[in-house]
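J.: Below you will find the structure I want to go over with you.
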Amino acid sequence: MKYLIMVQGSQADYEAMAGKPSGNSPAWSEKELQAMFAFMGEISNDLAESGELVDAQGLTEPAQARFVSRDKDGRPVVTDGPYGETKEVLAGYWLVDCAGLERATEIARRITECPGPEGLVEPPVVIRPVQDGAGGEC
């Protein structure tokens, strides 16, 4: 079964990784960033070796995002990010094809062990099963 394992973050988290701390987002050193990237790469490599990795990507900061919706008259409305009403956004993900939810949970637990600066408050890792395509596609 396929699962989307998602890491969340905020604009402040991305800014902290660029050396600008705020609130619960302490500044990251270059060494801490390299350790985080190495850790994430190791997880992806292990999942590729086990045959469970379908895809894995990190996403750019929310400030580079666009929000597309419709107004009450059905006209498209495009807004640049980040969005004040949304604190956490998808920062990256692994799409895995594994034995089941228990295995996906093991992978998510490992992701929560990612190194970072002292004082970092990590958001939870979210697991969502991917629909098998039976009536759930657009």
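J.: Of all the stretches in the chain, which is the longest one without any exposed loop site, taking trypsin sites (Lys or Arg not before Pro) in a DSSP loop (any state but H, G, I, E, B) with at most 16 other Cβ atoms within 10 Å?
T.: Value returned for the longest uninterrupted segment is 1-71.
J.: So, with +1 on the Cβ of K and R and -1 on the Cβ of D and E, and no other charges, what is the size of the charge dipole of the chain about its Cα centre, to the nearest 20 debye?
T.: Computed about the Cα centre, the dipole is about 420 debye.
J.: What list of whole percents do you get for P(r) of region 2-129, with Cα-Cα distances grouped in 10 Å bins up to the one holding the largest distance?
T.: Reading the bins upward from 0: 12, 38, 30, 16, 4, 0.
J.: Taking the square root of 5 times each eigenvalue of the Cα gyration tensor, what semi-axes in Å does the equivalent ellipsoid of region 1-49 have, largest first?
T.: 25, 15, 5
Readers should treat all values here as calculations from the given coordinates under stated rules, not as data from a laboratory. Note that this is a predicted model, so its numbers are computed, not measured. Neighbour counts are summed over all protein chains in view; Cβ atoms, including those assigned to glycine, are modelled from backbone coordinates with ideal geometry.
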